[in-house]
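**Q** One structure, pasted below without further comment.
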Amino acid sequence: MNFEFSEEQNLLREQARGFLQDNCSMKVVRAALEGDEPFNRDLWKKVAEMGWTSTVIPEEYDGLGLSYLELSVIADELGRAVAPLPFSSSVYLATEALMAYGTKNQKETWLPKLASGEAIGTFALGESQGQTTPKNLTTTGGSSVTGTKLPVADGDIADFAIVVTRCDQGDGANLCIVDLNQTSVIREVISTLDPSRSHAKITFNNADAEVMGEEGQGWAATQNIFNRAAILFAWEQTGGSDAALIMAKEYALGRFAFGRSIASYQAIKHKLANMYVKNTLARSNCYYGAWALDTTADELPIAAATTRVAGIQAYYFASKENIQTHGGMGFTWEFDCQFHYRRAKLLSVNIGSESQWQDKLITAVQQQNVA
């Protein structure tokens with residue numbers, strides 16, 4: 001099995017990295033934290049013009065029709081740059097949901113707008129700080145949606161949401177698409193650890209909606225969407241963990257104590273080596289996940305869970321050790337270490353926590369063994 005990217009995909013990586021170095025420096029990320037705007041609108045427009053928002057959308061809906069390997073490369077570089085964009089909500093989740101479960105009319109309405117960046121989508125599952133399950137879903141929905149969802153990533157800026165609801169009648173769950181620009185939808189911004197990725201509480205008061213996919217099969221559809229998105233999230237996390245390692249290494253090489261570079265001390269060497277090992281493990285899982293995603297392999301649930309767990313662990317560890325390598329200054333507002341730590345913590349709970357994905361991995365392995 002070939003886990004390497006092609007020459008064209010590596011050229012895409014070079015192009016993406018160069019673009020983000022020019023347009024998404026740490027100054028841009030810092031401005032997102034310190035400013036009032038929920039995300040960088042100018043950068044979003046440029047990213048859409050580059051075609052990144054339309055990467056895997058079919059050409060019939062004004063997309064590029066490329067593979068998930070290209071999208072994985074872009075996710076990797078966006079994570080490296082800690083880009084202050086609603087990319088994961090709109091591309092990994094909303095776009096994926098529409099392509100997999102949307103009707104022809106729903107696709108024709110929203111996919112061209114997603115491809116051009118004109119519209120931003122999001123996915124609304126959670127209803128509290130605890131884990132949402134089919135048994136504790138309270139939001140109801142079919143032709144209309146009533147209930148409250150929180151926290152919804154990028155919910156304050158999205159144009160529409162894919163909402164997981166309990167069926168109005170009978171058992172099961174629905175996936176409902178809701179235009180958020182209705183008077184029957186109330187949005188409240190929620191403060192999070194990473195202000196460069198906004199979140200919201202969304203209240204639906206009998207809001208107009210359309211069901212996506214089969215009635216009552218929304219929960220299974222959600223798990224499939226999350227499995228696919230988990231691999232792209234992991235690529236973003238792995239890109240971030242690599243950037244955190246490079247930041248720590250460069251600081252260690254340039255910082256002197258007692259007349260010697262601190263990179264020469266064994267304790268710092270061990271920190272950097274441990275970061276490298278975790279990052280390499282995460283990246284190897286990402287290659288496997290990208291293959292499973294692109295080929296829709298039977299191993300996709302296992303690949304998604306292992307990739308997601310490894311990505312969470314690598315990014316959190318690297319972002320934490322990066323701060324420690326910088327010493328006391330690493331905890332100050334003036335240093336950039338915080339950007340990766342904030343993003344690592346935020347991404348670790350989007351679409352489920354590490355423990356939830358560990359449980360999914362156990363279940364997927366058991367099901368494979370039974371089969």
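The values are calculated or read from the model by the stated rules, or taken from the named source; none is laboratory data. This is a predicted model, so every value here is computed, not measured. Here Cβ is always computed from backbone atoms with ideal geometry, including for glycine, and neighbour counts include all displayed protein chains.
**Q** Out of all the residues in the range 121-157, which are hydrophobic (A, V, I, L, M, F, W, C), modelled with pLDDT under 95 and assigned to a loop (DSSP other than H, G, I, E, B)?
**A** LEU137
**Q** Another question about this same structure. Quick check on this structure: which one of TYR101, TYR61, TYR92 is under 21 Å from ILE162 (Cα atoms) and touching a strand residue (DSSP E or B) at 6+ places or on another chain (Cβ under 8 Å)?
**A** From the options TYR101, TYR61, TYR92, the qualifying one is TYR101.
**Q** Sticking with this structure for a sec: Just give me the residues in the range 178-206 being among the hydrophobic types (A, V, I, L, M, F, W, C) and touching a helix residue (DSSP H, G or I) at 6+ places or on another chain (Cβ under 6 Å), in sequence order.
**A** Once the filter is applied, which keeps residues that are among the hydrophobic types (A, V, I, L, M, F, W, C) and touching a helix residue (DSSP H, G or I) at 6+ places or on another chain (Cβ under 6 Å), the range 178-206 yields only LEU193.
**Q** Please indicate, with yes or no, whether at least one residue in the range 294-303 is closer than 30 Å to GLY65 by Cβ and buried (at least 23 other Cβ atoms within 10 Å of the Cβ).
**A** Within the range 294-303, one or more residues are closer than 30 Å to GLY65 by Cβ and buried (at least 23 other Cβ atoms within 10 Å of the Cβ).
**Q** Give PHE204, PHE256 a once-over and let me know the one that is modelled with pLDDT under 95 and more than 22 Å from the chain's Cα centre (by Cα).
**A** PHE256
**Q** For the range 217-238, indicate whether the set of residues that are under 20 Å from the mean Cα position of the chain (by Cα) and acidic (Asp, Glu) is non-empty.
**A** Yes, because at least one residue in the range 217-238 is under 20 Å from the mean Cα position of the chain (by Cα) and acidic (Asp, Glu).
**Q** Which of the residues that make up the range 323-356 are closer than 19 Å to ALA31 by Cα and not in a helix (DSSP H, G or I)?
**A** THR332, TRP333, GLU334, PHE335, ASP336
**Q** Within the range 101-113, is even one residue out of contact with any helix residue (DSSP H, G or I) (no Cβ under 7 Å at 6 or more places or on another chain), among the basic types (Lys, Arg) and part of a loop (DSSP other than H, G, I, E, B)?
**A** Checked against the condition, which is being out of contact with any helix residue (DSSP H, G or I) (no Cβ under 7 Å at 6 or more places or on another chain), among the basic types (Lys, Arg) and part of a loop (DSSP other than H, G, I, E, B), the range 101-113 yields no hits at all.
Residues checked against (1) farther than 19 Å from PHE339 by Cα; (2) touching a Leu at 6+ places or on another chain (Cβ under 8 Å); (3) not charged (D, E, K, R):
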site	(1), (2), (3)
GLU4	yes, no, no
GLN9	yes, yes, yes
VAL47	yes, yes, yes
ILE57	yes, yes, yes
TYR68	yes, yes, yes
VAL82	no, no, yes
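**Q** Also, I was wondering about something else. Out of (1) closer than 21 Å to ILE225 by Cα; (2) buried (at least 17 other Cβ atoms within 10 Å of the Cβ); (3) among the hydrophobic types (A, V, I, L, M, F, W, C); (4) more than 17 Å from the chain's Cα centre (by Cα), what's the single condition that is false for ALA32?
**A** Only one criterion is unmet by ALA32, namely (1).
**Q** List pairs: first in the range 11-23 and buried (at least 16 other Cβ atoms within 10 Å of the Cβ), second of a type in the set (Gly, Ala, Ser), Cβ under 8 Å, 6+ apart or cross-chain?
**A** Note: pairs meeting the criteria are LEU20/ALA81; LEU20/ALA83.
**Q** Hey, another quick one. Quick check: is even one residue across the range 112-126 aromatic (Phe, Trp, Tyr) and crowded, with 24+ Cβ neighbours inside 10 Å?
**A** Scanning the range 112-126, I find at least one residue that is aromatic (Phe, Trp, Tyr) and crowded, with 24+ Cβ neighbours inside 10 Å, so the answer is yes.
**Q** Go over the candidates ALA244, ALA207 one by one and state the one that is crowded, with 23+ Cβ neighbours inside 10 Å, in contact with a His (Cβ under 7 Å, 6 or more places away or on another chain) and not assigned by TED's automatic domain parsing to the domain that holds LEU71.
**A** Being crowded, with 23+ Cβ neighbours inside 10 Å, in contact with a His (Cβ under 7 Å, 6 or more places away or on another chain) and not assigned by TED's automatic domain parsing to the domain that holds LEU71 holds for just one of ALA244, ALA207, which is ALA244.
**Q** If I ask for residues that are among the hydrophobic types (A, V, I, L, M, F, W, C) and either under 16 Å from GLN356 (Cβ atoms) or not in a helix (DSSP H, G or I) (or both), which ones from the range 302-319 would you list?
**A** Passing the criteria: ILE302, ALA304, ALA305, VAL309, ALA310, ILE312.
**Q** Across the range 74-118, what is the number of residues that are hydroxyl-bearing (Ser, Thr, Tyr) and over 18 Å from the mean Cα position of the chain (by Cα)?
**A** Total meeting the criteria: 4.
**Q** Here is a further query. Could you give me the residue pairs with C-beta distances under 7 Å whose first residue belongs to the range 305-332 and is touching a residue at least 12 places away in the same chain (Cβ under 8 Å), whose second residue is in a helix (DSSP H, G or I) and β-branched (Val, Ile, Thr) wherever it lies, and which are 6+ apart or on separate chains?
**A** Close Cβ pairs satisfying both conditions: THR307/ILE231; GLY311/THR238; ALA314/THR238; THR325/ILE268.
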